[in-house]
Amino acid sequence: MSDAVLQVRELVKHYPVRRGLLRRSVAAVKAVDGVSLTLERGRTLGLVGESGSGKSTLARVLVGIETPTSGQVLVDGEDVSTLSRAGRKQLRRDVQMVFQDPYTSLNPRMSVGEIVGEPFAIHGIDPAGGRRAAVGELLELVGLDPDHTSRYPHQFSGGQRQRIGIARALALRPKVLVCDEPVSALDVSVQGQVINLLEDLQEELGLSYLFVAHDLGVVRHIAHDVAVMYLGRIVEQGPEQPVYDTARHPYTQALLSAVPVPDPAVRATAGAAAQPGGLVLEGDPPSPVDPPSGCPFHTRCWLAPTLPEARSDAPGSRPVPTVCATETPALVPHGDAATHVAACHFARELAAPGVES
């Protein structure tokens, strides 16, 4: 069997923009625009990017909450779109999701026992020893008291609620957990506890994680591989160490420079990120309804305006469009690792050490 438990091939998710009395489609929000990813068995793939980059939309497509516009999602080599109704129900057992907000992802009218045991009821599963015993084992697995099954979500802290959400996701013994920013709503001290729990569960149960986050410090702690997403596309991807230590895309470098570093001496030796205030991106991300031509990042990239093609010495002449504005860069290998790819026309010139987290 292949080591790839989850594969995404040229995945596209567009949302129509409708206007007028007849609600005609006049445009489309290109939330995910041709993403390809591979998650290997027993490993963690960190998906990072700022808000609006399409990370959560991609996660919702992978678990079947949203239907893709085009492209393929393969679980253990099987194309999800070709599965029968029974096959898709099995898929939902194999790929589960841990949601971002532990306060809204749990039904306040259901007890913890009902919440964690609900997957058994939906799929008609009767665990050995009974559902009550199985729920108790799941709660114990995530570090909660199995005697608290009769309590309700409001009687638990934020970190405990997220543990309940993890227990619910593990009920059907999935192969893949899609974690959509599972610690962003928690205190920093609690974040570490939940991350350590996820790592322990991965080692014990052989789970594979797609870990969506915007905190690169957290991602570096848990992820084996990293994919950087911007405006619905992957702009850099590779093993954790090459991506962090020798980032090849300007956007990745900007994200790394924003990671807080307590020791000023360490930050002063952090290469490109040693600039005062880091690499500060100007302006907002372009609209996904009308993304820019060429490289999607060129409107905010500090390199594009300084390239020779962008300048003209003739008085009154207009800037000449650069290759960044006219040609979309492909994800190609750079550096020593063939698996480290970046979508930048000048990636070979951009090798820069990342920021220690």
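The ranking of Thr67, Thr328 from fewest to most other beta carbons within 10 Å of each one's beta carbon is Thr67, Thr328. Fewest-first ordering of Tyr152, Tyr251, Tyr209 by other beta carbons within 10 Å of each residue's beta carbon gives Tyr152, Tyr209, Tyr251. Between amide H atoms placed 1.01 Å from N, distances below 5 Å from Ile234 occur with Ser36, all of them 5 or more places distant or on a separate chain.
Helix-only mean residue ellipticity at 222 nm, the chain, DSSP H runs n ≥ 4 weighted -39,500 (n - 2.57), per residue, nearest 500. What is it?
Values: 11 runs with 101 residues, N = 357.
Rounded to the nearest 500, the figure is -8000 deg cm²/dmol.
Computed from Cα atoms, the angle from the helix 112-122 axis to the main principal axis of the chain rounds to 90 degrees. Using the Karplus relation 6.51 cos²θ - 1.76 cosθ + 1.60 with θ = phi - 60°, the per-residue 3J(HN,Hα) values for segment 323-331 come to 4, 4, 8, 10, 10, 7, x, 8, 6 Hz, with x marking Gly and Pro.
Quick one: Val142, Val323, Val32, fewest Cβ neighbours within 10 Å first, how do they rank? Intermediate values should be presented prior to the final figure.
Details: Val142 22, Val323 16, Val32 27.
Taking fewest neighbouring Cβ atoms as first place, the list is Val323, Val142, Val32.
Taken over the chain, the percentage of Cα pairs per 20 Å bin, counting from 0 up to the bin with the maximum distance, is 27, 53, 18, 2, 0. Note on segment 45-164: Cα Rg divided by 2.2 N^0.38 Å, N the number of residues, gives 1.22.
Is the shape of segment 37-77 best called rounded, prolate or oblate, per the rule: a/c under 1.5 gives rounded, else a/b larger than b/c gives prolate, else oblate, with a ≥ b ≥ c the square roots of the Cα gyration tensor eigenvalues? Can you show the working numbers first?
Numbers: a/c = 2.21, a/b = 1.11, b/c = 1.99.
In terms of gyration-tensor shape, oblate.
Every number here is computed from the coordinates shown, using simple stated rules; none is lab data. Keep in mind that what you see is a predicted model, and the values were worked out from it rather than measured. A quick note on method: Cβ atoms are made from the backbone with ideal geometry, for glycine too, and the neighbour counts reach across all protein chains shown.
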